[in-house]
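The values are calculated or read from the model by the stated rules, or taken from the named source; none is laboratory data. Bear in mind that the values here come from a model prediction, so they are computed numbers and not experimental data. Neighbour counts are summed over all protein chains in view; Cβ atoms, including those assigned to glycine, are modelled from backbone coordinates with ideal geometry. For accessibility, only protein heavy atoms count, side chains too; no ligands or nucleic acids. Shrake-Rupley method; radii C 1.70, N 1.55, O 1.52, S 1.80 Å.
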Amino acid sequence: QVSLVESGGGLVQTGDSLRLSCAASGRAFSSYAMGWFRQAPGKEREFVAAITRSGDDTYIEDIVKRRFTISRDNAKNTVYLQMNNLKPEDTAVYYCAAAAKLGLLLWTYEYDYWGQGTRVTVSS
């Protein structure tokens, strides 16, 4: 069992950067693969990034992979999403998710635990 709390969202301008954090409370954080998803107004939740349990492999969605980076610090029980050169189309609620599984998880159904989300708004 693990609980997740996202933070770091806010209102920014086009071209700005944000670093989102997802703090996990529970045991054995390093046993959880982690991911970031986002949900824009009127749209379905979509995959953004994933990272393996040890952090040795990552996968970023094509649309944002030139600008976003996922990382984790298992000693701090935290996963990060660094977002650079933000665009209005990045506006969404960003969610982190966890699953006690191996590999890179790209689908919502693969995750068992979800945070409440942090809102990112990018104005033009």
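Points worth noting:
- Computed with a 1.4 Å probe over protein heavy atoms only, the accessible area of residue 108 comes to about 60 Å².
- Built amide H within the under 5 Å cut-off of residue 72, gap 5+: 80
- Cα-based shape type of the chain, given that a ≥ b ≥ c are square roots of the gyration tensor eigenvalues and the cut on a/c is 1.5: prolate
- Taking a ≥ b ≥ c as the square roots of the eigenvalues of the Cα gyration tensor, region 72-124 is prolate, since a/c reaches 1.5 or more and a/b is larger than b/c.
- Computed in the context of the full set of protein chains, the accessible area of the chain at 1.4 Å probe radius has 46% of its extent on carbon or sulfur.
- Sparse-neighbourhood loop sites, chymotrypsin sites (Phe, Trp or Tyr not before Pro) in region 1-110 - DSSP loop, at most 12 other Cβ within 10 angstrom: 107
- Listed residues 89, 44 arranged by accessible area, highest first, probe 1.4 Å: 44, 89
- Proximal aspartates and glutamates relative to residue 65, as straight alpha-carbon distance under 13 Å, when same-chain residues fewer than 8 apart are discounted: 90
- With a cut-off of 14 Å between beta carbons, the residues surrounding residue 86 carry a summed charge of +3, where Lys and Arg count +1 and Asp and Glu -1.
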